[in-house]
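Remarks on the structure that follows.
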Amino acid sequence: MLLRPAHITLDELHAIHAGCESLVMDPQALPGIEASAAVVRRAAEGSVPVYGVNTGFGKLASTRISETDLATLQLNLIRSHSVGVGEPLAPAVVRLMLAIKAASLARGHSGVRPVVIDTLLAVHNAGLIPYVPSQGSVGASGDLAPLSHLTLALLGEGDFLVDGQRQPAAAALLAKKIAPLQLQAKEGLALINGTQTSTALALHALFSFEPVLESALVIGALTVDAARGSDGPFDPRIHALRGQPGQIDVAQYYRALLQGSAIRASHEEGDDRVQDPYCLRCQPQVVGACLDQLRHAALVLLREANAVTDNPLVFAEDGAMISGGNFHAEPVALAADAMACAIAEVGAIAERRIAMLIDSGVSRLPPFLTPNAGLNSGFMIAHVTAAALASENKSLAHPASVDSLPTSANQEDHVSMATFAARRLQAMIANVAYILSIELLAAAQGIDFLRPLQSSPALEQVHALLRAQCPSMMEDRYLAPDIEAASSLVRGGELAHILRTLPALPALWIPV
């Protein structure tokens, strides 16, 4: 893949995340890279203090560093800032970090030599994953600790994950015939100043949630049929009057999924229910609003992945080096918080649909979806699990961006907490996937009670996929393995594929 600084697409980021692309820097970026490096070289040789080039860092910015110590200054920066803790970041996240850091530096406003970018791409293309602890960044002044660990590996002093095993960086680089990077003026600072960790984590969540969200649409439609709900609430005229794009699209997804259902046709007349519960009727309004938030987050993250976010910035056209605050990850933090609310709500309405299905007074299905309730508990406690997970997500959805703790002796006195805001999304996605798995089992059980009536062709595919792994539960049995099997369908993309193959539907993500 040709990596084009400032012009990377969401699809390209998705491919990098999946690990299926070797990266080549656009050669048109080279003149700008070399021009900005020349500005830094002149500054390093001059007498004027320039932050991060010939001064200390943070609160120590007024401390002048001699020309003979400039390379040592950068090396010490990386060593002293490699203080992360916790489990290592997932390889998909680190791949994104390597790629978008290279793309940011290649914009020609960071003052690094081409060899810095070449080393980032060589490590990526060799399949080496720097060992980066996941905790220790407050998302301002850059993702300092995680990016320092990434850089330390490039220097041959940290560690890599090689085939899942932690290995000293020097040996791993030698095995791949990659020369350890030797830093010059400003290069260490350029590598660790920036929002690449928080951005990569948020993109990781966006890409991880995509098949789960599509599964939520498919399972929600299956529940409509299992409860013999109406498709009237999905009428396009309703949604056109409101004009919310996500709502309009979600209603269209549901119409397509329910098209041709004999179950729906069976109760179009003689059904005394006037309106369905909100968990069925308001799915376009709720999930559509979530989709709008996720689409906005995708746009923010795409901008950030293409941005220059280190400090100071170099403007080669007039030789200026200007200190600013692009390293502050507030856009990422707010986008991640919006994603958290959307993810939690997708799970919350799914939990309500499960509660509706097991309530015979509402769904008109057997109590707890078992034909011999009392002797059998059916889905009673599976719903309790879903409720527990939905409650967890409510706590995890508390916004991280509203918190700030001053750092660096109050020099860095407002921070974004974007890194945690994005990192916590993975636990939320896992919770939603399990809630949807329980709903899938419950909805399929509801369909079984309506036989010989058939659902729509699309939803019958869903039912068959599940039943190939999980038989109907007409008497109590050990259900946890079924939940795990259903979760694999939710997260693995099989249900999403059914939605994607329906004709003439809008893309989940608006092209950005």
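The numbers here are math on the coordinates, done by the rules we state, and not lab data. These figures come from a predicted structure and were not determined experimentally. Counting neighbours? That spans all protein chains shown, and the Cβs are built from the backbone with ideal geometry, glycine included.
Rounded to the nearest 500, what is the 222 nm mean residue ellipticity of the chain from helices alone, with -39500 (n - 2.57) per DSSP H run of 4+ residues and division by all residues?
-17500 deg cm²/dmol
Given the chain, what count of lysine pairs have C-alpha atoms under 29 Å apart, with each pair 8 or more places apart or on different chains?
Going through the chain pair by pair, I get 7.
Short version: ³J(HN,Hα) in whole Hz for each residue of the range 165-180, in order, from phi by Karplus 6.51 cos²θ - 1.76 cosθ + 1.60 (θ = phi - 60°), x for Gly and Pro, what are they?
10, 6, 9, x, 5, 4, 5, 5, 5, 4, 5, 9, 6, 10, 6, x
Order these by the 10 Å Cβ neighbour count, fewest first: Tyr478, Tyr51, Tyr254.
Tyr478, Tyr51, Tyr254
What distance in nm separates the two pseudo spin-label positions at Asp26 and Arg42, each 7 Å out from Cα along the beta-carbon direction?
Output for this residue pair reads 2.6 nm.
Between Val274 and Tyr478, what's the calculated FRET efficiency when r is the beta-carbon distance and R0 is 56 Å? Round to 0.05.
0.90
If I take R0 = 25 Å and measure r between the Cβ atoms of Ser80 and Lys394 in this structure, what FRET efficiency does the formula 1/(1 + (r/R0)^6) give, to the nearest 0.05?
Step by step, r from the Cβ atoms, then E = 0.05.
Between Glu157 and Gln469, with labels modelled 7 Å along Cα→Cβ, what's the label distance in nm to one decimal, could you check?
4.6 nm
Find the relative contact order for the range 209-301 and round it to a whole percent, using C-alpha pairs within less than 8 Å whose residues are 6+ positions apart.
38 percent
Okay, which of the range 275-294 sit inside 19 Å, backbone N to the point 7 Å along the Cα-Cβ direction of Ala240?
284-285
Going by C-beta contacts inside 10 Å, put Met321, Met97 in order with the fewest on the left.
Ranked by crowding around the Cβ, least crowded first: Met321, Met97.
Quick check: pseudo-label points 7 Å beyond the Cα along Cα→Cβ at Arg166 and Asp69, how many nm apart are they?
Placing both labels 7 Å along Cα→Cβ, they lie 3.2 nm apart.
Using 0.36 nm per residue, how much length does the chain from Phe315 to Ala18 gain when fully extended, once their Cα-Cα distance is taken away?
So the chain would gain 103.5 nm between Phe315 and Ala18.
Taking each full run of DSSP H in the chain as one helix, which ones are at least 24 Å long along their axis (Cα atoms) and have mean Kyte-Doolittle hydropathy of at least 0.5?
196-226, 330-358, 380-396, 425-449
Tell me, Cys20, Cys341 in order of fewest to most beta-carbon neighbours within 10 Å?
In order of increasing Cβ crowding within 10 Å: Cys20, Cys341.
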